[in-house]
Amino acid sequence: MASLLLVLSAATIEHIETNRQPLAPYLWSLFADDSRATAVRLRLFNLGLGCVLIVLVVVLGHRLWGWRGSLGAAAVLSVSCLMLDMSAAVMVEPLLGIWFLIFLVSAVAATCSGRWWTWAVSGAAAGLGWLTKGSALLWLPALAVAAAYAGGKWQRRLGGLLLAFAMFVIVAMPLMARNLRLYGNPLYSLPGVLMWMDAWEEPGGGTAYWYEPDQVPTLGKYLRTHSLSQMAKREGAGLLWNLNWLAQTMAIRVPRIHDIRRTIVGAPLLLLGLIGLVGQRRRAVAALTGSVLLLMWLSLAWYYVIGPSHRLWFVASVMLFGYAGCFIAGLVWATGGALGRVSNFRNSVIALVVVLAIGQAYAWRAKVPSPFVPPAYSEADKAIDDWTAANIAADEPVWGKWPASVDTTILTYHTLAEFNERARHYGVRWLVISDIQYGRRLWLFEEYISLTSDRGLQLRKPLPGWELVFKAADGAYVRYLVFARTPHDT
């Protein structure tokens, strides 16, 4: 169904963004319109996906960790910092976590039972995961490792693996066909390009969002310009940093938590999760979960110089919370013998209600951004919305974003002369500079524009090639400057 929807949309929509996979934006678009209420609807939708994930950890996760382990996993996942943050924002992680859990459970069933439909579900879930986030491309290689360690006839395992790969291709075909047509690579994604950069913004070159066609980073270019020692140093540093990011991923919500405290709070849960993984008795399960973790560890170690973030480890946290949950639930059950006399089903229902209630209580206490409150919309935001709607045609090219944000196109240029030349080339007539945008490209505008904490953006002297036509302010603080390209610069 997802593939059919994407085929229909690909045939009618000119999708030009390559920074994200299309499935989550497509689902979000079902709730979007031109009103400010879109932000509320999208956050409610994502909050619902987060709740679905917690329920599935119990409903499906018991096949991996037992009822007690899955309940423990759901309990700690429902109050984890990352889960609360991702569910309260418009992010792909809750949806990705759902596909990963389905993949994990079906892949374990496939390697243990060998039934054909479990292989098919594994491949389809991996395809949906890849349509959601490019990192899901690591799931099928992990399945191949698990298949190699599984028992039974190798011919049957090979057939199941081929079926899983075929289902992946069928589900992902719309995006693969588009990528092949546009980039010559069916598995193209922006992270695949970013892997061969040395930093998010490279001096004298492009940024993570913009390169001239002949300057796009590739593996071949990277190998020609870097020594083995440089590559080893980068990977080694990333392997160490991964401990910090993974510990932060495992942290649960505590008052006034920040990055250092996240690491300290998450470290014990990470240790429990790793111990549970190492102690896994089923060989195929250990091979699958261990392979996922190892592939993520190696690839994210290389990627850390580009975009270090604990949220990249979200799917790994779902898995590790399962193993940590086994320890936690075991302690609870050991101290409460009366609970052991109640049926598993009844236990599960009661515990699931308690888990969800605890998660919501912690979310409220920790003041996670409410999904019922749209992002702040200031006086300046309204003023620039009204002015641009009245003065700029919908099809006119504009550089700059509002409400206050960063237009990544502007991040491309390193001199004002280059900036103006490209604006002429693309026919850009309007430029909107926000206080946030100014801070990201200080050297591009600082000779002509100043930024102070009390007055905001102020024009020091005319910006070459541009004429100031509008200011949008919150009281005395000028948040936006709008420029029109001067006639002599056309």
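Take L270 and tell me if it is buried (at least 17 other Cβ atoms within 10 Å of the Cβ), at pLDDT 90 or above and closer than 27 Å to G129 by Cα.
Details: buried (at least 17 other Cβ atoms within 10 Å of the Cβ): yes; at pLDDT 90 or above: no; closer than 27 Å to G129 by Cα: yes.
No: the conditions fail for L270.
If I filter the stretch 35-51 down to residues being part of a helix (DSSP H, G or I) and among the charged types (D, E, K, R), which single residue comes out as surrounded by the fewest Cβ atoms within 10 Å (Cβ to Cβ)? Before you say what the answer is, go through the steps one by one.
The first filter runs over the stretch 35-51 and keeps only residues part of a helix (DSSP H, G or I), leaving 37-51.
Checking which are among the charged types (D, E, K, R) leaves us with 41, 43.
Numbers: R41: 18, R43: 23.
Applying the filter and picking the extreme gives R41.
For the stretch 41-50, give me the residue count where each residue is under 29 Å from V278 (Cα atoms) and either hydrophobic (A, V, I, L, M, F, W, C) or free of Cβ contacts under 8 Å to residues at least 12 places away in the same chain (or both). Reasoning before the result, please.
At the first step, the residues of the stretch 41-50 found to be under 29 Å from V278 (Cα atoms) are 50.
Checking the rest, the ones that are also either hydrophobic (A, V, I, L, M, F, W, C) or free of Cβ contacts under 8 Å to residues at least 12 places away in the same chain (or both) come to none.
Counting residues in the stretch 41-50 that are under 29 Å from V278 (Cα atoms) and either hydrophobic (A, V, I, L, M, F, W, C) or free of Cβ contacts under 8 Å to residues at least 12 places away in the same chain (or both) gives 0.
Per the listing A75, A124, A120, the residue uniquely in a helix (DSSP H, G or I) and in contact with a Gly (Cβ under 8 Å, 6 or more places away or on another chain) is A75. Taken as a whole, the stretch 2-14 holds no residue that is within 18 Å of the chain's Cα centre (by Cα), under 30 Å from D385 (Cα atoms), at pLDDT below 85 and not in a loop (DSSP other than H, G, I, E, B). Every listed requirement among (1) more than 21 Å from H62 (Cβ to Cβ); (2) surrounded by fewer than 23 Cβ atoms within 10 Å (Cβ to Cβ); (3) over 20 Å from the mean Cα position of the chain (by Cα) is met by G160 save one, (2).
Out of all the residues in the stretch 204-217, is one or more out of contact with any Lys or Arg (no Cβ under 8 Å at 6 or more places or on another chain), charged (D, E, K, R) and modelled with pLDDT under 85? Explain how you work it out, then say what you get.
Taking the stretch 204-217 and keeping what is out of contact with any Lys or Arg (no Cβ under 8 Å at 6 or more places or on another chain), we get 204-217.
After this cut, where a residue has to be charged (D, E, K, R) as well, the list is 212, 214.
Subsequent filtering for residues that are modelled with pLDDT under 85 retains 212, 214.
Yes, the conditions are met somewhere in the stretch 204-217.
Considering (1) crowded, with 19+ Cβ neighbours inside 10 Å; (2) without any contact (Cβ under 8 Å) to a residue 60 or more places away in the chain; (3) more than 15 Å from the chain's Cα centre (by Cα), the lone condition that A32 does not fulfil carries the number (1). With respect to (1) within 23 Å of the chain's Cα centre (by Cα); (2) at pLDDT 80 or above; (3) among the aliphatic types (A, V, I, L, M), the lone exception for L228 is condition (1).
If the requirement is being at pLDDT 55 or above and assigned to a helix (DSSP H, G or I), which of these qualifies: A363, A324? Quick ask: steps written out before the conclusion?
Numbers: A363 fails: at pLDDT 55 or above.
So the residue among A363, A324 that is at pLDDT 55 or above and assigned to a helix (DSSP H, G or I) is A324.
Of the residues in the stretch 282-302, at least one is touching a Gly at 6+ places or on another chain (Cβ under 8 Å), modelled with pLDDT of 85 or more, farther than 30 Å from H62 by Cα and assigned by TED's automatic domain parsing to the domain that holds V55.
Right, V92: under 22 Å from G266 (Cβ atoms), crowded, with 20+ Cβ neighbours inside 10 Å and in contact with a Leu (Cβ under 7 Å, 6 or more places away or on another chain) or not? Give the steps one after another, and end with the answer.
Numbers: under 22 Å from G266 (Cβ atoms): yes; crowded, with 20+ Cβ neighbours inside 10 Å: yes; in contact with a Leu (Cβ under 7 Å, 6 or more places away or on another chain): no.
No: the conditions fail for V92.
All told, L84 falls short of being in the same structural domain as L175 (by TED's automatic domain parsing), buried (at least 24 other Cβ atoms within 10 Å of the Cβ) and modelled with pLDDT under 85. Residues that are without any contact (Cβ under 8 Å) to a residue 12 or more places away in the chain and surrounded by fewer than 24 Cβ atoms within 10 Å (Cβ to Cβ): does the stretch 98-112 have at least one? Looking through the stretch 98-112, none of the residues is without any contact (Cβ under 8 Å) to a residue 12 or more places away in the chain and surrounded by fewer than 24 Cβ atoms within 10 Å (Cβ to Cβ).
The values are calculated or read from the model by the stated rules, or taken from the named source; none is laboratory data. Given the structure is predicted, the values throughout are model-derived calculations rather than measurements. Don't worry about glycine lacking a Cβ; one is built from the backbone with ideal geometry, like all the others, and counts go over all protein chains shown.
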